[in-house]
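Note sheet for the following structure.
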Amino acid sequence: MSRRFRLGVDVGGTFTDAVLISEETGEIHIAKVSTTPKDPSIGFLAAVTQILAKSGAQAPNVSYLVHGTTVATNALIEGKTPKTAFITTEGFRDLLEIGRQVRPSLYDIHFQKLRPLVPRDLCFEISERLDASGNVLRTLDEHRVVEIAKKFEQEDIRSVAICFLHSYLNPMHEERTEQLLRKHAPHTVPSVSSHICPEIREYFRASTTVVNACIKPVVANYLQGIESQLKRQGIKAELLTMQSNGGVLTFEQAAERPVFMIESGPAAGVIAANFIAGNLGFSDVVSFDMGGTTAKAGLILGGRPKVTKDYEVGAEARPGAGQSRGSGYPIRTPVIDLVEIGAGGGSIAWVDAGGVLRVGSQSAGADPGPICYRRGGTEPTITDANLALGRINPRYFLGGEMDLDLQGATEGIRKKCAIPLGLDTIAAANGIVEIANAAMVNALRLTTVRRGYDPRALVMVAFGGAGPLHANRLCAEMQIPRLIVPLSPGTASALGLLTTDVRHEFSRTRIMRADQADADAINRIFVAMQEEGSELLRREGIPVSRMSFLREIEMRYKGQSYELPVTCGTGPLSAEALAQVCSQFHGEYERAYGRGYPTEPVELVNYRVTAVGAIPHPPVRKISSRDCGVDQAQKGARQVFFSESGGFLSTGVYDRYKLGPGHHIVGPSVVEEMDSSTLIHPGFEANVDSFGNLLIGARAVST
Amino acid sequence: MNSNEAAAQSLNPILFEVIRNALSEATEEMSVCLQRTAYSTNIKTRLDFSSAYVDARGRMVAQAFCQPAHLVTIGRIVPRAVAEYGAKNLRPGDVLLVNDPHRQASHLNDIFSISPFHYTDELLGYVANICHHVDVGGGAPSSIGAFREIYQEGLILPVVKLVSEGEIVADVLKMVLANVRAKKEVAGDLRAQISANQIGIRRLTQLLDRYGAPTVNFYIEKLIEYSEHRVLAELARLPRGTFEGEDQLDDDGITSEPVHLKARVTLDGKSVTFDFTGTDSQRPAPMNCNLTQTFTACVYVLKCLIDRDIPLNEGFYRPIHIVAPEGSAVNATHPTAIVGGWEVSMRLCEVLFKALSSALPEQVPAGSKGMVCHVGFGGKDPNTGDYYCFLETLGGGYGGRVSSDGPDAVQTHIQNTQNAPVEETELNYPVRIPRYSLVPDSDGAGRWRGGLGLCREYVYVGHQPVVTILADRAKFPALGLFGGGAGKLARYLLITDTSTREIPSKGSMQVKPGEIMRVETCGGGGYGYAWERDAELVLRDVREGKVSAKRARDAYGVSIDTVKWTINQVESERLRRQLQRKKR
């Protein structure tokens, strides 16, 4: 049997990473090329060419390819979407214009309201109406639909979103409109709200459908381009893209419902964390990904990443109730729930008008970057502070490819922070790191404690270029007892692409009181969604033996509007099973909000089915054991500042590539590799496992 | 390291930032909890609530708002309520309720819940939140009707204990619920208020466990000083002088007499004084506000004009002085009605921006919606037999700014409530909303035009509810600035098979099934001369149907070919010269 490979390609803002894994041996190859923003497919293909050359793998032997991309988001943010129209119920042409009627910023006189993705002259009303139970109050004016279709043909409208009031209960009018448009406006691609997002609240459903419509032609075009080029290169693999929910989707499905892959890139990181921790038997995990501009924290429970549907595309990252609402385009498709904050290596430190040190959310980005990059950066950043404190090796950044300017960084911190604060430079540099850490602790709290999950029962997986530098300290603050730092933390996200399953999520809304619920009706809803899921999976070539389904009911107390999901079994629901689901709900509620109310009536709202097509994971390659002891992996020692000690300590420096299974390192120490450095604080220790992971914990605990 | 000793010595700028964020985080967490556990559309969807932490001396420390209207309310009512009830009478797990405007709360709908925060037996401060309840009884459903006295407006809660050491005081709850119409929603929202305080205490306890009370209290002191210091630095930067502005409300809600509001703002580099002398006396009518609501408008306007990054706490308020004659419409006294207090406060923001337009011409908007615009209704739900109440507030046009148009259909100034989704509203209440749209041609013309108002229609199904409007701007429009035109007036209409008639902007009426109640909110004022507007922008507005071709010609002097979608240049130049001459 010929050797078979899996290929993951992650197109990020700066770099396009490719990861190739041998299905037999688990051997991994990595390639990194610059992203080509004008046409990302150029960088994509360059990365593929490079990795094939590097690994010696033959194109026809690539059996499986997964792509993570931000092409959908970028098209939206940069306004590179084709002419798109919107069709809605008479009286609601301004649904997108009005939005939520709020200002995105409370005190900014010069605020701008989000400009709708479809201009008002391309929003059309059609006479039709359903009531809140889905009954027809007014029939569809088909004549008008045909008229509009003709206009689409004349005006070269490429895409259209259709969203009628209450269509989530009854798609009849939307489907008939779609049918008529396909016939009379064959060049216009329809997106139908009751298919894309059949959930209550018209503005959010409409917005989701409009986002889908706007990016559909762009994404379809892009994916088709890649597909034909890959074929030309001889790659015949199944082509998949990462979805925002962490599952994969065929190119065909992605082109149809691109709104589901809007946060494709960040999702891959969480999936990687889940995979890495899962290999070691951990299923409750915090993923911590810190790169150049932001840090992202995500939560995985029972081996499943937390997923949210409360998301805005292109919104300003500002956690807090009511604060950033309205700054982005809301979508109601499942997105892996990440708390993202403006604290990455390039985040700028400054002293504000009140004489207080602040960090972020302004970032020096990749260009000019931190002062120490010598690319003209003048503002001190978190990376500069890490350098000044001895936490980064100026001679071994990116494996020595970049020689860092320690003196420049120190001088910048002195001038911009230390002098205005009346502190010495090291105290100021330490302050920058401490404030950034405090912000990250807040992000981690939002991810865990705020939702009622005790960090002491979790394990953290840290990655991204800067993650392993800060993670140990964050775990100590959060009382997270175990930290895992995988090999090559900088490319862990691309690895995530290769370790996920095919995943489709379906949901329906049917509100009923739990004590009067019609179990048969619920079973019918679940069965219908499950059939839809298995049909999709079958079309994607997944055998029945690898299909599985997860059912959830989203519930609330009658009268509320926010639901909590409760898992239920896949068998037919009986009255007893429903009662069990209800008591589970009271428990979940108490955990989240301090107190449950078992005597209050409970309502069932949304029914969700997740259809999973399991993809066998590649074997995880173990690293070979070393003949030598850990002392041979030690490159030397240097002075590193630790805030808990209030000064510099002599710190051992280790070469990650010389560490083998069973090696044991005691903090304070630094472990250096190509794309990252891991800091082990005093009082902590690291053990190297057979996969090459560093397992870090307090000294008393992990021995 | 002993943190207590460290705190006693000097300020650590890093710890300062950490504790500051943790405090506001705790109040954010309260707000998230409130939203997710609330029952009424007004709170869970429209976000008409806020949360805060106040220290043992009654000073505002940290807050998480959804609504700027709540900027100072909690800081005003908590010390007063605690003083009245007696701090020594408070135990861990207690929750106090208060809503009395004549005790400097806001209007009766806004119920405050206040809990003591004890740490190792010491009373360190209070967590509190404010929620606008959909009904608190009184003369009309949703409790926003126009009456003469506070007693007609609903249930007055002086300071009462709803929860005692973790146990709900059943008699108090029974008494409250007996006096309100939408019992399930009010009960559910009260539970949400209790939960939010519980969550706030949980989070503050963790903070105290980490740093200890002396350290946290030390930094609270520093945080208050920090805000004051930064506000002072900003005041030193602002132009000095005394600036005047005035405006009037259509009527007081009982008589047709307009309510005249007047303000003089004095900036002297060290403080700011807002003097409302000359404002009309209070009337036995709903359009009065109390000192808290007047203060709110002043803090809001100042906050908009200086660095928005300055945290809001007691220190922020210190350099602000208010002169509001007792017994006037901006400092109303017992027993007058006061439910329209936020309407007055909202208009005060307009008066203050107008006053400051000569001093800070690039930093203020032209006249905006400038009203809260409440629409409420209630009655027996024909489907359930329960008495229901519904309340919402509608957006309108924002004023033009120095370099951009006023946004269309948004909430303005101290208000930022979301709209109620039509599908959710029709599902939960016996009403249908056949139209929700912009009002074309409602812009105030200008180089930067005012935003458009919006239109919403209501038709009731199977019953005859009592509908109440509490709004304004049907007589006096949002004015333009620096040559800009006024926005279109608001209209409140009842449309039957045979007639369309205007209904008052304040008051209640019964509406029959099939009749359409229609509200068209006002447009915003323009900024600068309309003939200076970029003709391409006028073309875009006409093309999008926001401005008619006729109005483009009459108000902006731009002639548009609506077949080819081009500007008739020569004709437009002539029209613009004409407009310019007419103005002179």
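Every number in this text was worked out from the coordinates using simple rules, so none of it is lab data. Computed from a predicted structure; not experimentally measured. Neighbour counts run over all protein chains shown; Cβ positions are idealised from the backbone, glycine included.
Key figures for this structure:
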| quantity | calculated |
| --- | --- |
| Qualifying aspartates and glutamates (Cα of each under 12 Å from Cα of A:Lys38; at least 8 residues distant if same chain) | A:Glu78 |
| Using a Förster distance of 51 Å, the FRET efficiency for B:Thr266-A:Leu301 (Cβ separation, nearest 0.05) | 0.30 |
| Computed helical MRE - 222 nm, chain A, DSSP H runs ≥ 4 contributing -39500 (n - 2.57), nearest 500 | -9500 deg cm²/dmol |
| DSSP bridge pairs, the protein assembly as shown: antiparallel proportion in percent, nearest 5 | 80 |
| Degrees separating the helix A:467-478 axis from the principal Cα axis of chain A, which is the longest one | 80 |
| FRET E, pair B:Ala549, A:Lys151, Förster distance 30 Å, beta-carbon r, rounded to 0.05 | 0.95 |
| Shape category assigned to the stretch A:167-226 from the gyration tensor of Cα positions, a/c cut at 1.5 | oblate |
| Net +/- balance of residues flanking A:Asp689 in space, Cβ distance below 14 Å, scoring K and R +1, D and E -1 | +4 |
| Shielding score for A:429-435, defined as the mean number of other chain Cβ atoms within 10 Å | 3 |
| Three-way shape call for chain B based on the alpha-carbon gyration tensor, with the a/c threshold at 1.5 | oblate |
| Net charge contributed by nearby residues that have their C-beta within less than 11 Å of A:Ala273 (K/R +1, D/E -1) | 0 |
| Whole-Hz ³J(HN,Hα) from phi, Karplus 6.51 cos²θ - 1.76 cosθ + 1.60, for the stretch A:167-184, glycine and proline x | 5, 5, 8, 7, x, 3, 5, 5, 5, 5, 4, 4, 4, 5, 5, 4, 6, 9 |
| Charge context of A:Glu155, other residues only, Cβ under 15 angstrom, K/R +1, D/E -1 | +2 |
| Residue order, fewest to most surrounding Cβ atoms within 10 angstrom, among B:Lys354, A:Lys231, B:Lys380 | A:Lys231, B:Lys380, B:Lys354 |
| Sites matching GluC sites (Glu not before Pro) across the stretch B:160-210 that sit in DSSP coil, with at most 15 neighbouring C-beta atoms within 10 Å | B:Glu165 |
| Violating pairs (Cα-Cα greater than 27 angstrom) within the set A:Lys80/A:Lys309; A:Lys83/A:Lys183; A:Lys151/A:Lys216; A:Lys54/A:Lys658; A:Lys54/A:Lys231; A:Lys309/B:Lys303 | A:Lys309/B:Lys303 |
| Folded to 0 to 90 degrees: helix B:291-305 orientation relative to chain B principal axis, Cα | 70 |
| Burial order of peptide ranges B:30-40, B:564-574, A:341-351 (average beta-carbon count within 10 Å, highest first) | B:30-40, A:341-351, B:564-574 |
| Peptides B:528-538, A:134-144 ordered by average Cβ neighbours within 10 Å, highest first | B:528-538, A:134-144 |
| Nearest 10 degrees, 0 to 90: helix A:202-232 Cα axis against chain A principal axis | 70 |
| For residues of B:405-412, the mean tally of beta carbons on other chains within 10 Å | 5 |
| Prolate/oblate/rounded call for the stretch A:615-661, Cα gyration tensor, a/c under 1.5 rounded | oblate |
| In sequence order, calculated HN-Hα J values of the stretch A:267-282 (Karplus, 6.51, -1.76, 1.60; Hz; x Gly/Pro) | 4, 4, x, 5, 5, 4, 4, 5, 5, 4, 5, x, 4, 9, x, 9 |
| Per-peptide average of other Cβ atoms within 10 Å, ordering B:321-332, A:588-599, A:89-100, A:369-380 highest first | A:89-100, A:369-380, B:321-332, A:588-599 |
| Inter-chain Cβ neighbour average for residues A:587-596, partner chain, 10 Å | 4 |
| Check: chain A dipole with +1 on Lys, Arg Cβ and -1 on Asp, Glu Cβ, in debye | 500 |
| 5 angstrom amide H check on B:Asp100, placed H, neighbours 5+ away | B:Ala105, B:Leu157 |
